[in-house]
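Asker: Have a look at the structure that comes next, please.
The values are calculated or read from the model by the stated rules, or taken from the named source; none is laboratory data. No experiment lies behind these values; they were computed from the predicted model shown. Backbone-built Cβ (ideal geometry, glycine too); neighbour counts: all protein chains shown. What goes into the accessible areas is simple: the full protein's heavy atoms, side chains included, and nothing from ligands, DNA or RNA. Shrake-Rupley method; radii C 1.70, N 1.55, O 1.52, S 1.80 Å.
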Amino acid sequence: FFQAVASPPSSNFLLLGPSGAGKTAFTTLLEAKSSPASKKSQSTHTSQQSTLVTVSLPPDVPTASNRYRSVNDPSLKEAARNPIKYRVRDTPGHGKLRVSQGLSELQAMAQSKDIKTRLRGVVFMVDTAALVGEATLRDTATYLHDVLLVLQKRAKNGSSSKRTSEIPVLVAANKQDLFTALPPGSVKEKLEAEIDRIRKSKNKGLLDASADSTLDDDEEILGNDDLESFSFKLLEHEVGVKVEVVGGAVKGDQQEEYGSGVRRWEEWIGMCL
Ligand code: GTP
Ligand code: MG
């Protein structure tokens, strides 16, 4: 009985984000940490196909169900012997493959009622050194905007009382090891401001279209239709979808100065389990 509770066999996480963010590098690192014996090739290249891997949570990372356990708890030893496993789907971030792969997989997984494919969370990875470029910022924010819109539609179709079942998003602010990297706080500000711009121009487009009376019912604005500027807080408040921005680095895992490597992302994943 305890074992069944301790290791949910089918907790799925979807890894999204633009090309070059470090998604495959992250997936490879998680795999290597899960089975240190099998040394996989560490070199990555632009992905063209999604892959699904099963990895395990380090035993000392707490989960939502065991966060109150003490260090002397015997279940800690049990966890070391029998780590909690979860699945990560790495997707290609290239602009031309996003809609057909990342976004449509998100749509399918978000709608699925099947426990086997139930989506626990979305990890949206960004290259925080590349985000200083205007084109990269726009591209990244557009992708994130589309992801959040899928989750908003799902939330609005479900019963409004079940807020806890909304799929949370982790914006993994990667490459904190680079000295040109933006700190997570300014990554958050930049993404919010850019999403606000995207949503305002979309809103304006919709208003123009409705004057032609060709308004598509399916079109929706992220957050609310008010003039209030967009923020992740607003989205959580209005829709119930939680977005958290957490810094880290795939390179230099465990190093305190690089946002503790991937540790804080694993902690976020643990809280979804
Ligand atoms: P697509 O498959 O095209 O969507 O890209 P991806 O998100 O899978 O990126 P990938 O994992 O291939 O990483 C792109 C490059 O970033 C590789 O050269 C990685 O080694 C590098 N990289 C990944 N994480 C880090 C990091 O934390 N720091 C630094 N400095 N480089 C990183
Ligand atoms: Mg890749």
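Asker: State which residue pairs qualify: first residue within 16 Å of residue 193 (Cα to Cα) and inside the stretch 141-152, second residue β-branched (Val, Ile, Thr) and open to solvent by 10 Å² or more (accessible area, probe 1.4 Å) in any location, beta carbons under 7 Å apart, and separation of 6 or more residues or different chains.
Answerer: From the stretch 141-152, the pairs are 141/198; 142/198; 145/198.
Asker: Then there is this: Applying the selection to the stretch 117-158, what residues are more than 30 Å from residue 180 (Cα to Cα) and among the β-branched types (Val, Ile, Thr)?
Answerer: Once the filter is applied, which keeps residues that are more than 30 Å from residue 180 (Cα to Cα) and among the β-branched types (Val, Ile, Thr), the stretch 117-158 yields 117, 150.
Asker: Quick check on the stretch 122-134. Is at least one of its residues under 14 Å from the mean Cα position of the chain (by Cα), more than 16 Å from ligand 1 (Cβ to nearest atom) and hydrophobic (A, V, I, L, M, F, W, C)?
Answerer: No, there is no match, as no residue in the stretch 122-134 is under 14 Å from the mean Cα position of the chain (by Cα), more than 16 Å from ligand 1 (Cβ to nearest atom) and hydrophobic (A, V, I, L, M, F, W, C).
Asker: So, one more: For the stretch 85-109, name all the residues that are away from ligand 1 (no atom under 16 Å from the Cβ) and crowded, with 22+ Cβ neighbours inside 10 Å.
Answerer: 86, the sole residue that qualifies.
Asker: Count, please, the residues in the stretch 8-31 that happen to be within 13 Å of ligand 1 (Cβ to nearest atom) and either polar (S, T, N, Q) or open to solvent by 20 Å² or more (accessible area, probe 1.4 Å) (or both).
Answerer: 8
Asker: Another one. Residues being of a type in the set (S, T, N, Q), closer than 15 Å to residue 154 by Cα and in contact with a strand residue (DSSP E or B) (Cβ under 9 Å, 6 or more places away or on another chain): count how many of those fall in the stretch 88-123.
Answerer: Count: 1.
Asker: Yes or no: the stretch 126-133 includes at least one residue that is buried (at least 18 other Cβ atoms within 10 Å of the Cβ) and over 18 Å from residue 22 (Cβ atoms).
Answerer: No, because not a single residue in the stretch 126-133 is buried (at least 18 other Cβ atoms within 10 Å of the Cβ) and over 18 Å from residue 22 (Cβ atoms).
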